[in-house]
Amino acid sequence: MDVAQALVMAMQTWGMIGAVVALVFLVIGIDRIDEDARGAYIFRPLLIPGVLLIWPLVLWRWWQIETERAAWAARYRPVRASYGLAVVLMSVGIVVIVITGLSVRQTWPADIAPVQLTEGAGQ
Amino acid sequence: MSVKYIPVQWNPNKWLYDIVMLAAVAAFLWVFLYVTPEVLSHERAINPQIHNARAFGACAFMMLTVILCIGPAARLDKRFLPLLYNRRHFGVMTTFVAITHSGYILNWYFNFSSSDKYVGLLYANSSFGQIAGFPFEIFGIFALVCLMILAATSHDFWLKFLTPPIWKRLHYLIYAAYFSVAAHVSLGILQDQQNHVFTVMFMAGAAAVIVLHIAAWMADRAEAAAKDGAWAEVARVGDFREGYAKIAKLASGDRVAVYLMEGKLSAISNACAHQNGPLGEGKIIDCLVTCPWHGFQYDVRSGRSPAPFTEKVPTYRVRVMGDMVEVHPDANPPGTYVEPVPLPEPEPELPEEGVTT
Amino acid sequence: MSDKPFFVGYLPAPGPLRTFLLTICILLIAGLGGAGFLMGAAQDDPGPGAFRFDYGRQTVTGVVEMTPYPVIHVVEGNDRIKPGDSFMMTAGGKAGVDGRAMPLNGQLAQVSGVVLERGDLYMMQVRGGQNGLQAAEGDAPQITPEPQGRWQLTGEICDGKCLAGAMRPGRGLAHKACANLCLLGDVPPIFVSTQPVMGEEFLLVIGPDGTRLPREAYDYVAQFITAEGEITKHGDLLIWEIDIDTIALADEGTE
């Protein structure tokens, strides 16, 4: 119960920090780092759920762009190499979990009868 | 393409795409929700809330399966590329369907108790040490969180902001989510269901996803990479066709698209600045390289999108050595103009007269 | 590259591709519709349990006994519930009526509520507050539990309320978290035996020495198990005092 409550509270805290980050980022930050966003306001509410969910990533990228730390070439490097790994892990995982799941399926043991081990006092 | 962001950039194809997608989803839900209760001859009906939860859960699984099949299918057969075009709307819709499923579950199984339903969800079953009876809800929660992240970061802003490689890596969560859905189903409904139709359909769906992805991955791997450092060979002079590209794989793993336009060769990165789509599989339309995924366009000589757009991709140096077209593995900064290299006439080594008569 | 039609998202699709795409669209819509039918029509029968609102509100008088789950032994019945019947009680939602029943232990009380019924399994969801459960005038007959000896039973632990029809389906592993939540809320747990024990398929299952079902047993909820324990008969209700240490999965126990 305590762990569950702590997790729910952690989730709420995550969301609240996210809300603050979303406010600051969408009001101030986005204009500073993306020229295409200047003067564009209608699309901004669409970004709120994303910031709520991944605000640490948002803060990290914001800082990276502000300080011009990212190498330009990194932007053009497709991630196809990890595609194989992702696909293999997913495929093996699914096969294993489906087989495991099906192998632990229960069958109603209708043929096992109740057994009286001792007599009752009143009998 | 960019310029100012707007919520959704609609065009007739996207409307059509969404109409078909919504029709398919509506067909599934309508049949499941309103037709099958008439068919089921149960003495007492399944609770409507449970029936609804199952309908939306099964629908989300089917949608996710279709979505995951589109990618590799398009890689294996280019005719499927149009299905890739507006896949994000499909994904966002799936997330809403999955949220509806979780809503029915939360407000039915985890409601009516003295504890908070979210706490109850995490707390009620704590049998983590066993497979049968494992709290399979956890897998559903994980998959839902993944789907919500993907849906929430589907706007083009996120692509540009996070950069395509980070965005793509983030969106690889779809594979974790699909595995998690499979676990959620395997340790959940599959444990109880006595009628095996659902089990068979579930396994067929998952198998299709696995087979297509493995096939696409194998096809990808089959391409050979160039040797390190030196100029990389692209193709023979005679292999080039006006308006189309040949793709070279560099030792670094990067790909270069070498285009023939107006008899001259130019090389740009194969990765579109938008979603890293394969530019070399596109073609030249109105003097501009057009990406096969979302139609982003670039001037092949400079790697720049035509004004007012601002996208840029790196360019590469090209040379012709004898009969072979080669490309230098070091990329120029995005948008660098490179003078196109004229393509020499192919040497007439294969006499044409043998073919005629 | 060949002359295959080339699709650009914001331009009309080329002619030859249109036929292909149209086919895909029709297949997608028909396929998902068909899948909806197959999946929806393949659902299992959830069993005969249900709230019997059709019986109307039932009001009877009987002796309250904390077993520790509150049970009522009917003294003064009505045309549906006869004197001598014994049944379990719950409150609305995932909650028992322990708080209200405790002060009335061993006394005569009037209960009022709606019945949940699944075959021989009978349970009453009592109304809120005094209307549901209140002390009644009169002498309460003594309820003497009759020991029936130690038994080894095979079957499944369920939460009595969902099993009796509060949820359909209301048992099984996919329903386990819900069952646990009910049990945590003091809804009486029921053991469904593979074969009738002294004529009863459903037994109220409790922990050692008249305590509630302990949390350790929750890992086995909805699993098919074999275990031992003393059975006592309270009124016409069988109560099984499960011995936690003897619980084994049924398929392991038989090997």
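FYI, it's all coordinate maths here, none of it is from the lab. Please read these numbers as outputs of a predicted model, since none were measured by experiment. Cβ: placed from backbone, ideal geometry, glycine included. Neighbour counts: every protein chain shown.
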### Cα-based Rg of chain C normalised by 2.2 N^0.38 Å, two decimals
1.44
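Apply 1/(1 + (r/R0)^6) to the Cβ-Cβ distance of C:Met198 and A:Trp14, taking R0 = 56 Å, and write down the FRET efficiency to the nearest 0.05.
Step by step, r from the Cβ atoms, then E = 0.50.
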### Query
Say each of C:Thr246 and A:Leu59 gets a label point 7 Å from the Cα, pointing the same way as Cα to Cβ; how far apart are those two points in nm?
5.8
### Computed [θ] at 222 nm, deg cm²/dmol, chain C (DSSP H ≥ 4; -39,500 (n - 2.57); rounded to nearest 500)
-5500 deg cm²/dmol
### Efficiency of FRET from Cβ geometry, A:Leu102 and B:Thr310, R₀ 51 Å, rounded to 0.05
0.45
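Which number comes out as Rg/Rh for segment B:232-342 once both Rg and the Kirkwood Rh are worked out on C-alpha atoms?
My calculation of the ratio gives 0.93.
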#### Entry: Extended-chain gain in nm, criterion 0.36 nm per residue less alpha-carbon gap, B:Ala26 and B:Arg241
72.9 nm
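Can you figure out the FRET efficiency of B:Val341 with B:Ile19, using R₀ = 51 Å and their beta-carbon distance, to the nearest 0.05?
Plugging the Cβ-Cβ distance into 1/(1 + (r/R0)^6) gives 0.65.
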#### Entry: Label-point separation, A:Leu89 to C:Arg80 (7 Å along Cα→Cβ), nm
5.7
### Message
Report the Cα centroid-to-centroid distance between segment B:280-345 and segment B:30-66 in angstrom, as an integer.
### Response
52
#### Entry: Helix-only CD estimate at 222 nm, as mean residue ellipticity for chain A, using -39500 (n - 2.57) per DSSP H run (n ≥ 4)
-20500 deg cm²/dmol
### Query
With point charges of +1 on the Cβ of Lys and Arg and -1 on the Cβ of Asp and Glu, referenced to the Cα centre of chain B, which listed residue (B:Phe61, B:Ser115, B:Ile247) lies farthest in the positive direction of the dipole?
B:Ser115
### Query
How large is ³J(HN,Hα) for each residue in segment B:276-284, as worked out from phi by the Karplus curve 6.51 cos²θ - 1.76 cosθ + 1.60 (θ = phi - 60°), to whole Hz, x for Gly and Pro?
6, x, x, 4, x, 9, x, 8, 8
### Message
Please list 3J(HN,Hα) in residue order for segment B:326-335, calculated via the Karplus relation 6.51 cos²θ - 1.76 cosθ + 1.60 where θ = phi - 60°; whole Hz, with x for glycine and proline.
### Response
10, 10, 7, x, 7, 6, 7, x, x, x
### Query
After finding the eigenvalues of the alpha carbon gyration tensor for the protein assembly as shown, what semi-axes result from the square roots of 5 times each, listed largest first in whole Å?
66, 26, 22
### Segment A:Leu117-A:Val24, extension gain: residue separation times 0.36 nm, minus the distance between their alpha carbons
26.3 nm
### Message
Can you compute the modelled spin-label distance between C:Thr23 and A:Arg38, with each label point 7 Å from Cα toward Cβ, in nm?
### Response
5.1
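To the nearest 20 debye, what charge dipole does segment A:2-74 have about its Cα centre, counting +1 at the Cβ of each Lys and Arg and -1 at the Cβ of each Asp and Glu?
40
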### Message
Under a Cβ-only charge scheme (Lys and Arg +1, Asp and Glu -1), can you give me the dipole magnitude of segment B:12-221 about the Cα centre, in debye to the nearest 20?
### Response
720
### Taking B:Lys312, B:Lys117 and counting other C-beta atoms within 10 Å, the order from fewest to most
B:Lys117, B:Lys312
#### Entry: Inter-chain shielding of B:237-247 (mean C-beta neighbours from other protein chains, 10 Å cut-off)
1
### Task
For each pair in C:Lys94/C:Lys233; B:Lys14/B:Lys312; B:Lys246/B:Lys283, compute the distance between the two Cα atoms and list the pairs where it is over 20 Å.
C:Lys94/C:Lys233; B:Lys14/B:Lys312
### Query
What is the dipole size for the protein assembly as shown, taken about its Cα centre, with +1 at each Lys and Arg Cβ and -1 at each Asp and Glu Cβ, in debye to the nearest 20?
2820
### Message
I'd like the mean, over residues of C:175-188, of how many other protein chain beta carbons sit within 10 Å of each residue's own Cβ.
### Response
6
### Message
Quick check: convex hull over the Cα atoms of segment C:146-253, volume per residue in Å³, rounded to an integer?
### Response
100
### Task
Please report, largest first and rounded to whole Å, the three semi-axes of the ellipsoid equivalent to segment C:50-135, where each semi-axis is the square root of five times an eigenvalue of the C-alpha gyration tensor.
17, 14, 12
### Query
Binned at 5 Å from 0, what are the whole-percent values of the Cα-Cα distance distribution for segment A:2-74, short to long?
3, 15, 22, 21, 16, 11, 6, 4, 2, 0
### Query
In terms of the ratio Rg/(2.2 N^0.38 Å) built on C-alpha atoms, what value belongs to chain B?
1.25
